[in-house]
1. In the neighborhood of SER168, defined by Cβ-to-Cβ distances under 12 Å, what is the net charge if each Lys or Arg adds +1 and each Asp or Glu adds -1?
2. Enter the mean projected area of the convex hull around the alpha-carbon atoms of region 112-213, in nm², rounded to one decimal.
3. Taking θ as phi - 60°, what are the ³J(HN,Hα) couplings along region 216-230 by the Karplus curve (6.51, -1.76, 1.60), each to the nearest whole Hz, with x for Gly and Pro?
4. Around GLY194, what is the net charge, scoring Lys/Arg as +1 and Asp/Glu as -1 over all other residues with Cβ under 12 Å from its Cβ?
5. Taking amide H positions as placed in the peptide plane 1.01 Å from N, state which residues far from SER195 in sequence (5 or more) or on other chains have amide H under 5 Å from it.
6. State the extension gain, in nm to one decimal, for the chain segment bounded by VAL96 and THR178, taking 0.36 nm per residue of separation less the distance between their alpha-carbons.
7. At 7 Å along Cα-to-Cβ for each site, give me the label-to-label distance between GLU216 and GLU236 in nm.
8. Sort 95-102, 179-186 for me by packing, meaning the mean count of neighbouring Cβ atoms within 10 Å per residue, highest on top.
Amino acid sequence: MRLVKRTLIFIIGISLFLISCQGKPSAGDVIAEPTTTSIVLPTSTPVITAEPRIDPVEGQNSTNDYALCGEGDLIPVPFFFKDQLGNVSPTQLVRVRTTADNVRRYVSVITCLEYDEGWVSNPKEVESGYENVIIFFDKYGKGHAYRIIIGGHYIAPYDSSHKDITASFNGVNVQFFTVDDWIKATKNEFLKNGSRQIGVDIYLEDDHGDLSKVLEQVYKFRDTNLQIEEALKTGEGYPDVVPDGFYLFAMESWLITTD
């Protein structure tokens, strides 16, 4: 009986020893150390400034060219057109008209001139006309500049007692000016307002172009005039290249004033 007890105690002891050995790694076992990721902080954190994102539109400027009209604010007019960015454009198409005899068509436009002071036109083109550079703005706010001659004596022979320019300060009361007087009047108004806005009646086409040198020019440049007319209606398509000697001809003009 004693021998049986000793045997059981021996077996239990061996079992406990083996269990304790399995709980500890042997000298040949390799223990994987936990991996760590080192983070290197910059000495100074860069500052990122978010820029407003503007989706590009073909032909569109991020800014417009309206400053070409002068340093002053644009004077409100009854005919408002907006460009693609929602800004009121200086170029306003007022109306397209045909003369009573259906011979000539012209367009009334409010826009602006490039120079404060115009000059007397070349008499080989228009006798005693007022010349400047007119700017039309497309729907993207981009300016398109063309020569323009306003008034003068364009049907020869002409009455030398008739003054050179038919124009108005307010678009209502029509007056007659010599070209020198009109140059002074427009310059004073442009400088006073800081804006070179003006209204003009521009010839588009003429079926009787043999009446004078001016109307011959209007007829010769008919295709370019009609392209500009379409651009005034749609806000795009202004010609970048025009024929040699091209100019727009306006019968009358009127100043845009704050009064």
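What follows draws every value from the coordinates through simple rules; no lab data is involved. Small disclaimer: the values here were computed from a predicted structure and weren't measured. Note that we place each Cβ from the backbone using ideal geometry, even for glycine, and neighbour counts take in every protein chain shown.
1. Details: positive: none; negative: GLU189, ASP201, GLU252.
Within the 12 Å Cβ shell, the charges total -3.
2. Numbers: hull surface 30.6 nm².
If I average the Cα hull's projected area over directions, I get 7.6 nm².
3. Karplus values, whole Hz, x for Gly and Pro: 5, 5, 4, 5, 5, 9, 3, 4, 5, 4, 5, 5, 5, 4, 5.
4. On the way: positive: LYS192, ARG196; negative: GLU71, ASP73, ASP116, GLU189.
The answer is -2.
5. HN-HN under 5 Å from SER195: GLY72.
6. Working: separation 82, 0.36 × 82 = 29.52 nm, distance 2.73 nm.
So the extension gain works out to 26.8 nm.
7. For GLU216 paired with GLU236, the spin-label model returns 3.9 nm.
8. Numbers: 95-102: 10.5, 179-186: 18.9.
The densest-packed peptide leads the list: 179-186, 95-102.
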